[in-house]
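Rule-based calculations on the coordinates, nothing more; no lab input. The model shown is predicted, which means the values in this text are computed figures rather than measured ones. As a convention, Cβ positions derive from the backbone with ideal geometry for all residues, glycine included, and neighbour counts pool all protein chains shown.
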Amino acid sequence: MSDTCEKVDDGLIRGRITDEDITKMRMRIGYPNPTLRKGYTDFPWNPTATADCVRRWALSIGDANPFYADPEVARASCWGASVAPPGFEWSMGWDRTRSVSTDLQQATRGALRGVQLYHSGAEYYYHRPIVEGTELFKSEWVADVEEKVSKFASRSVIVNNANCYWDSDENVHVTSSRWFVHAERQSSEKSKAAKTRDEPAHYTDEQLRSIEAAYDAEYIRGSDTLYIEDMAVGMELPVMVKGPLTITDLINFHMGAGWLTYGNPPFRLAYENRKRLKGFYSRNEFNAWDTIQRVHWDPVLADKVGVLGTYDIGPMRYVMVCQAITNFMGNDAWLYRLRYELRNFNYVGDTTWLSGRIVAVTPDAPWGPSVEIEVKGVNQRGQENVRASVTVLLASRKSGPVRLPEPPPVTAYRNC
């Protein structure tokens, strides 16, 4: 084993980030990130979009919008079919990621191995709807590598992973850049010196009633078309709440999305997965092997990697922002761009209050009438845990229904 890695008794590797690691990762620009390897299977959770898959996804993220739950409501919209909400692409895509040569594989072996990954944000463009019958293909590659100064870890690196999703007719549906922080693992005792410990959430009955009242009042525009002529800078979006976050919420998300990048299958399939992803498993309290993904529900492991409690996975806050926007914009608008940054951990037990305001109204943008919206999520401690900027395309009473811009070509960074 390299001297940049030290293996502890429970099998959890504690890597050290070196200049060589950063150089190796930069050699992967244009090629897949070696720390985001596929597990036992790369079969997509949802190979094809169906009305039932969309309904299950909406249920799994707690989205009560009939536009996603009821195919007849969706078919009555300007889209004429069941449309998947933004974020659904995470559950789709036959992998067509660019192959890595043997020489490059060897030259970049061990890059940033044994360090913890934290999803820190992304920027998405949604070029066309994912409707019933859509089958997607995808590719992912490293776009940029930058060392990051962090109080949380002694040394960290942020890697920008670009994505492209397209259909069998070479029409691009989604492009994105997703940012992951690679940070050296350290116990939460060491991290306390750099980060004040957040007290675990605890709620009075009155506080819980206020959360429930917000759920009762959740705004869903639906078929009431939103027109550009009705928009003005400074208008505020209805507040939406998500929480208190539970392990059950996390389980529900994975029921709709699958296990995403690595795969975490059970029993013998877990054993087969571990053959491919040895560094993604460590020993649990029974001295048996289990996925490191359990950092999200196992407080002992969370402590070992230096986090002060179990927490959500990044895509959960991504789809929270998506839902806040789709609730507001209604069935006949289009969420075109979304950029978000994750701020602070969203610990199990936390509640996120999402608010937004319109910061620009552009009736004659090149891509059509549109508004720019700023969104932020604040937890019960008053801490911001997500920040986003969003472009929404709207219908116009003068120029007619929403129109979609021309999508870009399929990425060259792919296997045909």
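Summary table below
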| item | result |
| --- | --- |
| Tilt relative to the chain, helix 314-329 - C-alpha long axis, 0 to 90 degrees, to 10 | 0 |
| Within segment 14-33: backbone nitrogen closer than 16 Å to the residue 101 label point (7 Å, Cα to C-beta) | 27-32 |
| ³J(HN,Hα), Karplus 6.51/-1.76/1.60, whole Hz, each residue of segment 230-246, x for Gly, Pro | 9, 9, 8, 4, x, 4, 9, 7, x, 6, 10, 10, 9, x, x, 5, 10 |
| For peptides 81-93, 352-364, 302-314, sequence by mean Cβ density within 10 Å, most packed first | 81-93, 302-314, 352-364 |
| Cα-only radius of gyration and Dmax that characterise segment 202-327, units Å | 19.8, 63 |
| Distance in nm between pseudo-label sites at residue 357 and residue 171 (7 Å out along the Cβ direction from Cα) | 3.9 |
| Between 0 and 90°, nearest 10: helix 267-276 axis offset from the chain longest Cα axis | 70 |
| 283, 109 arranged by Cβ crowding within 10 Å, fewest neighbours leading | 109, 283 |
| Helix-only CD estimate at 222 nm, as mean residue ellipticity for the chain, using -39500 (n - 2.57) per DSSP H run (n ≥ 4) | -6000 deg cm²/dmol |
| Taking N as its residue count, the alpha carbon Rg of the chain over 2.2 N^0.38 Å | 0.99 |
| Residue 48/residue 223 FRET efficiency (R0 30 Å; Cβ-Cβ; nearest 0.05) | 0.70 |
